[in-house]
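Colleague: I'd like to ask some things about the structure below.
The values are calculated or read from the model by the stated rules, or taken from the named source; none is laboratory data. Since this is a predicted model, take the numbers as computed values, not measurements. Note that each Cβ is placed from the backbone with ideal geometry, even for glycine, and that neighbours are counted across all protein chains shown. Ligands, DNA and RNA are excluded from the accessible area calculation, which covers all protein heavy atoms including side chains. Shrake-Rupley method; radii C 1.70, N 1.55, O 1.52, S 1.80 Å.
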Amino acid sequence: MVEANVSSQTPPPMPKIPRQIPKWEDLKPLLGFRKFQLDGTERRLSRAVSIEDLRLLARRRTPRSAFDYTDGAADHEASLRRSRELFNNVEFRANVLRDISTVDLSTTILGGPSTRPFGFAPTGFTRMMQYQGEVAVAHEANTAGIPYALSTMGTTSLEDVAKLTPDTQRWFQLYVWKERVGTKELVERASANGYGALLLTVDTAVAGQRQRDVRNGLTIPPQLTPKTFFDMSLHPAWWANLLTTAPLEFASLRQSGGTVAGMINRMFDPTLTFDDVEWLRGIWPGKLVVKGIQSVEDGKQAIAAGADAVLLSNHGGRQLDRGRPPLRLLPEMREALGPDAQIMIDGGIMNGGDIVAAIALGADFALVGRAYLYGLMAGGYRGVRRTIDILTAEVTRTMQLLGVGKVADLDPRHVVLP
């Protein structure tokens, strides 16, 4: 055993650190006090650095029934949860030593330009979330130069949204009614107002069981019950805005009132088939997208029936619970349809990294819904703008860290799907 040779000499003393009284010019750079922002909305939004931050703001500023309608999903919400988990579990493969001093996020979708690889998905009852509704969303989409899809169940008219989106692509999401005459009239109005694409939604033959809505007693428009009266006391600004603006009603439906599920089952046509895709192809002059595709078989059949693109979607988990996440289906669909077919995706996208992963795995474009609704509830049109800013920064930063300078250069080598 070898013993350590410990020196018996006393170690030198620790040198003293000289001290001084700080001068103002030394302290001034360290004082990071910001000028107090008097505008409460701007103050709140400036602190939001993620979509989850906007979600938390939205929850505090919105009555529970309206927030839960946006936040919730069908049954046990497994479809939504699995979509989010799959996005979160994606692994990125990064390349380094690439010139990423500039990043080009622009792309082309359905024959038109978009400044970013994502646009705004159609959402119903948007003015219920916040009184500015589709006006705010369309205005910000137009300002950013990204597509906006108006829902059949929107609360702002086709004509008004067309006026708000002169500089970007506007699309119309269509539910086929049992009354086909009314459906045909909607299609003709969309065409007359310059909507470039029709998003035929095919996953809503019957309404999903959205348990939060049932428990909250959600109706359209909201009814004043003891429960909602209590909620009103907690969110007076929301109710004041609702009561002092135009009545909350559907802009394109002839019937309203009652529960969401009741309206869907009363109005939407459960006999819809691929023959109806061909019928729409015959009367619609623009691009036709089939939204709600959840299998390779249906994707192939939609293209064969005349669709220009398919939108892989599980309705944000709000219809069939325990369904396959669209991201899981995406590589299979790309392989089946080939490189030239246009494929879009939505459902569970809450981060710019989600968008990058989807594009790398074969999507041409991504649509976000909940994300901008959280922004809308958090701060009206400024919250929607904050959503765009957050997602744009996340997409840009993720691409830079992957060593990719153009959206078109993303491909499956950059992503590992668990």
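Colleague: Using only the Cα atoms of region 24-96, what are the Rg and Dmax in Å?
Modeller: Answer for region 24-96, Rg first and Dmax second: 19.8, 62 Å.
Colleague: In addition: Going by alpha carbons, how many degrees (0 to 90, nearest 10) lie between the helix axis of 133-144 and the longest principal axis of the chain?
Modeller: 60
Colleague: Once you charge only the Cβ atoms, +1 for Lys and Arg and -1 for Asp and Glu, what is the size of the charge dipole of region 242-340 about its Cα centre, to the nearest 20 debye?
Modeller: 320
Colleague: Averaged across orientations, what area in nm² does the convex hull of the alpha carbons in region 138-185 project?
Modeller: Computing the convex hull of the Cα atoms and averaging its projections yields 3.3 nm².
Colleague: Output the Cα-based Rg and Dmax of the chain in Å, rounding Rg to one decimal and Dmax to a whole number.
Modeller: Every Cα atom of the chain included, Rg and Dmax give 25.4, 102 Å.
Colleague: If you place +1 on the Cβ of every Lys and Arg, -1 on the Cβ of every Asp and Glu, and leave all else neutral, what size is the dipole of the chain about its Cα centre, to the nearest 20 Debye?
Modeller: That gives a dipole near 1460 debye.
Colleague: May I pose another question? Evaluate the Kirkwood expression for the hydrodynamic radius of region 297-413, namely the inverse of the mean inverse distance over all pairs of different C-alpha atoms, and round to one decimal in Å.
Modeller: Computed over region 297-413, the radius equals 15.2 Å.
Colleague: Work out, in µm²/s and without decimals, the Stokes-Einstein translational diffusion coefficient of region 333-392 at 20 °C, 1.002 mPa s, Rh from Kirkwood over C-alpha pairs. Let's see the in-between values first.
Modeller: Values: Rh = 12.4 Å.
Once the numbers are plugged in, D ends up at 173 µm²/s.
Colleague: Then there is this: When only alpha-carbon atoms are used, what values of Rg and Dmax, in angstrom, describe region 146-303?
Modeller: Here Rg and the maximum Cα pair distance are 17.6, 52 Å.
Colleague: Another question, if that's okay. Projected area of region 244-321, taken from the Cα convex hull and averaged over every viewing direction, in nm²?
Modeller: Computing the convex hull of the Cα atoms and averaging its projections yields 7.4 nm².
Colleague: Follow-up question, since we're still on this one. For region 63-212, what mean projected area does the convex hull of the alpha carbons give, in nm²? Provide the component values of the computation, followed by the final result.
Modeller: Values: hull surface 47.5 nm².
Mean orientational projected area (region 63-212, Cα hull): 11.9 nm².
Colleague: Please work out how many pairs of lysine residues in the chain are eight or more positions apart (or on different chains) and have Cα atoms closer than 22 angstrom.
Modeller: Numbers: Lys163/Lys184; Lys163/Lys287; Lys178/Lys291; Lys184/Lys287; Lys184/Lys291; Lys287/Lys300; Lys291/Lys300.
So the count works out to 7.
Colleague: How large, in percent, is the carbon and sulfur part of the accessible surface of the chain at a probe radius of 1.4 Å?
Modeller: C and S atoms contribute 54 percent here.
Colleague: Moving on. Helix 326-337 versus the longest principal axis of the chain: what is the Cα-based angle in degrees, 0 to 90, to the nearest 10?
Modeller: 60
Colleague: Once you have the Kirkwood Rh of region 120-202 from its Cα pairs, apply Stokes-Einstein at 20 °C and 1.002 mPa s and quote D in µm²/s.
Modeller: The calculation lands on 170 µm²/s.
Colleague: Can you tell me the orientation of helix 78-89 relative to the chain, as the angle in degrees between its alpha-carbon axis and the longest Cα principal axis, to the nearest 10?
Modeller: Between the helix axis and the principal axis of the chain, the angle is about 40 degrees.
Colleague: Oh, and also: Determine, for each peptide in 292-302, 363-373, the mean count of other beta carbons within 10 angstrom over its residues, then list the peptides with the highest first.
Modeller: Working: 292-302: 19.1, 363-373: 25.5.
Packing order, densest peptide first, comes out as 363-373, 292-302.
Colleague: Given a 1.4 angstrom probe, what's the average accessible area per residue across the chain, in square angstrom?
Modeller: 49
Colleague: If Rh is defined by the Kirkwood formula over all Cα pairs and Rg also comes from Cα, what ratio Rg/Rh do you get for region 233-385?
Modeller: Numbers: Rg = 18.5 Å, Rh = 18.0 Å.
Ratio of gyration radius to Kirkwood radius for region 233-385: 1.02.
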